[in-house]
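Everything on this sheet refers to the single structure shown next.
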């Protein structure tokens, strides 16, 4: 188990380094190939050459790409000092640099926005796991029944509906039309009920989409598992049906679900861009979207890193859980 | 039982041999003269297909069997018909809009309420002239924009799926067949890409691209970049499946047989292995297209994809955010267009999967 863990941790670390390199290349090399100097993105196109040169000096944008990456790495763990233009700026670890647009440090922005996205993703995940998996299992057990067909039609519709459409639709119906819920995001420190009310629609819409996907996958996996020999063996041993399903079938059914959950949760925690845009939630996704339209490279870099980290950590957790559920994984 | 009949050995050795001698035979080459051992399975298949009962047992190709299955799947056929209709709409967009006398980019400010900048009249300004109403502010005809939007959706959906399938197939086959370090590298890259926060990277890549490139400008560049980037992030899904299939197929006897007859590596790859990979590739392609259409709509919704005045469904939804309370029709119409399109592709894709993979759940 320990060897397995070490291997997984090592792979995750390598992955993170690769992602940082790729992100750097995308944001600092591609613009250069396209003939745009990152320094001009900071100062603006009309700035005089001297100002551009000063920025390039201070941010080290003229250095070779690997040197820049190294400086960035060092900043993350040890802090970083920007020298140039006659002044010295000290940025303590973890230093993600400063926004090109408002010259704010990026780390506080990230810590500010992260909880919103985390709450959105976790709340929705609880909902979709409960309803999606339950619907899938029931459909598989009552295959061909009215419930099965109804649930699968709803699930198929669910996976075909984009979240930004169901989101707007639910806003128009429940918030504007019926007036049940307030569409406004309220920080949790201000009012818990206000926050809960504001998050309810985003949670439900996001969970609906994922519950539809999970119901389809759960049903398919469950059907396959129920046809296995060991289920017949379990029945032949005289086990009661709830035990056969709950203890024997569910265990195999949950493994692929868990893999999906890790990937989906990781991706969502890193920024549920579409949901946040639709409901105007001040999370990471909105931050990165704004940064992209502003060409604010350091912010994009910071959010991308957090996102990748979330995906990798989520996958790591899943891998470990996997090893707990399925002993074969440990030995492989 | 079905698997054992169609994939391995007999047909392949026979077909492969005849092809080596220069006789044309394709993947759908009928299975002639089933051996005594294979005959009962073939008969079962025939009964399953609901025809040929009592007649002499006739061999059928995988393609034929799949088609027979698909033909009985009403939902899948409905999806297929809708997909064909959408393709026709996209191809004939200028003809259709001419027919109703509208244009996707002409402004009709006289139809807009100057106070709220929403269309005059009920239901988003639906009238005999404007079948689906007009847009808020500009008064552009929604019907014409929906029709033209189909072009963008389908173009990106199909072409990016093509990019993904070509890349995924070639790299997957290479990884599976040659193994060793090549497999290690390709597999790691696939793992990495699958673990990437894809939407974020797609948005970022599309947004750092310049406005002019390779002789294309504006919408052209955006479409080109979107197709490439969406396709690039899609190939590992195909690649993984193709690699797995190749791994198991390369050990089969018919590959051995071809090798012993002196066939070269690339002959085996493309003539012996690839035809057997066609089924999973088709399944993944049909499932990938709706996902790509959704991604394109999402990008345009987020403002990094196709930009106005060019019409795209995602972009229409994004501008509808500001009017969901005052002009809900403007939000519903592009949303329903996306929904119908994606649903049709999903229905058809599910049908194709069930038809080609009988072991799959039904």
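Below is a table of values for the structure above.
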read-out: Residue check for residue B:168: more than 14 Å from chain A (Cβ to nearest Cβ) and touching a helix residue (DSSP H, G or I) at 6+ places or on another chain (Cβ under 9 Å); value: yes
read-out: Only one of A:323, A:234 that is more than 20 Å from the chain's Cα centre (by Cα) and without any contact (Cβ under 8 Å) to a residue 60 or more places away in the chain; value: A:234
read-out: Residue in segment B:347-354 that is within 10 Å of chain A (Cβ to nearest Cβ), under 23 Å from residue B:65 (Cα atoms), crowded, with 23+ Cβ neighbours inside 10 Å and touching a helix residue (DSSP H, G or I) at 6+ places or on another chain (Cβ under 7 Å) present; value: yes
read-out: Residue A:232 modelled with pLDDT under 85 and assigned to a helix (DSSP H, G or I); value: no
read-out: Checking residue B:336 against (1) at pLDDT below 85; (2) surrounded by fewer than 24 Cβ atoms within 10 Å (Cβ to Cβ); (3) farther than 27 Å from residue B:72 by Cα; (4) at the interface with another protein chain (Cβ under 10 Å from one of its Cβ atoms), the condition it does not meet; value: (1)
read-out: Hey, residue A:231 away from every other protein chain (no Cβ under 11 Å) and crowded, with 18+ Cβ neighbours inside 10 Å or not; value: no
read-out: Out of B:164, B:144, sole residue that is at pLDDT 90 or above and buried (at least 18 other Cβ atoms within 10 Å of the Cβ); value: B:164
read-out: The one condition in (1) within 23 Å of residue A:151 (Cβ to Cβ); (2) free of Cβ contacts under 8 Å to residues at least 24 places away in the same chain that residue A:225 fails to fulfil; value: (2)
read-out: Filter result (farther than 29 Å from residue B:237 by Cβ and within 8 Å of chain A (Cβ to nearest Cβ)) within segment B:312-333; value: B:320, B:321, B:324, B:325, B:328, B:331, B:332
read-out: Yes/no for residue A:125 being more than 30 Å from residue A:78 (Cβ to Cβ) and either touching a helix residue (DSSP H, G or I) at 6+ places or on another chain (Cβ under 8 Å) or modelled with pLDDT under 85 (or both); value: yes
read-out: Condition check for residue A:327: in contact with a strand residue (DSSP E or B) (Cβ under 8 Å, 6 or more places away or on another chain) and either surrounded by 17 or more Cβ atoms within 10 Å (Cβ to Cβ) or at pLDDT below 80 (or both); value: no
read-out: Cβ-Cβ under 6 Å pairs, at least 6 apart or on other chains, segment B:293-311 side more than 10 Å from chain A (Cβ to nearest Cβ), far side surrounded by fewer than 24 Cβ atoms within 10 Å (Cβ to Cβ) and in a loop (DSSP other than H, G, I, E, B); value: B:309/B:105; B:311/B:104
read-out: Number of positions in segment A:292-305 that are assigned to a helix (DSSP H, G or I), in contact (Cβ under 8 Å) with a residue 24 or more places away in the chain and surrounded by fewer than 24 Cβ atoms within 10 Å (Cβ to Cβ); value: 4
read-out: Residues (under 12 Å from residue A:113 (Cβ atoms), more than 9 Å from chain B (Cβ to nearest Cβ) and modelled with pLDDT of 80 or more) located in segment A:259-305; value: A:272, A:276, A:281, A:282, A:283, A:284, A:286, A:287, A:290, A:291, A:299, A:302
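Residues checked against (1) at pLDDT 85 or above; (2) farther than 30 Å from residue B:335 by Cα; (3) in a helix (DSSP H, G or I):
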{"position": "B:225", "(1), (2), (3)": "no, no, yes"}
{"position": "B:228", "(1), (2), (3)": "yes, no, yes"}
{"position": "B:239", "(1), (2), (3)": "yes, yes, yes"}
{"position": "B:254", "(1), (2), (3)": "yes, yes, yes"}
{"position": "B:258", "(1), (2), (3)": "yes, yes, yes"}
{"position": "B:263", "(1), (2), (3)": "no, yes, no"}
{"position": "B:279", "(1), (2), (3)": "no, yes, yes"}
{"position": "B:311", "(1), (2), (3)": "no, no, no"}
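The values are calculated or read from the model by the stated rules, or taken from the named source; none is laboratory data. Bear in mind the structure is a predicted one, so any value in this text is a computation, not a measurement. Here the Cβ is made from the backbone with ideal geometry for all residues, glycine too, and neighbour counts use every protein chain on show.
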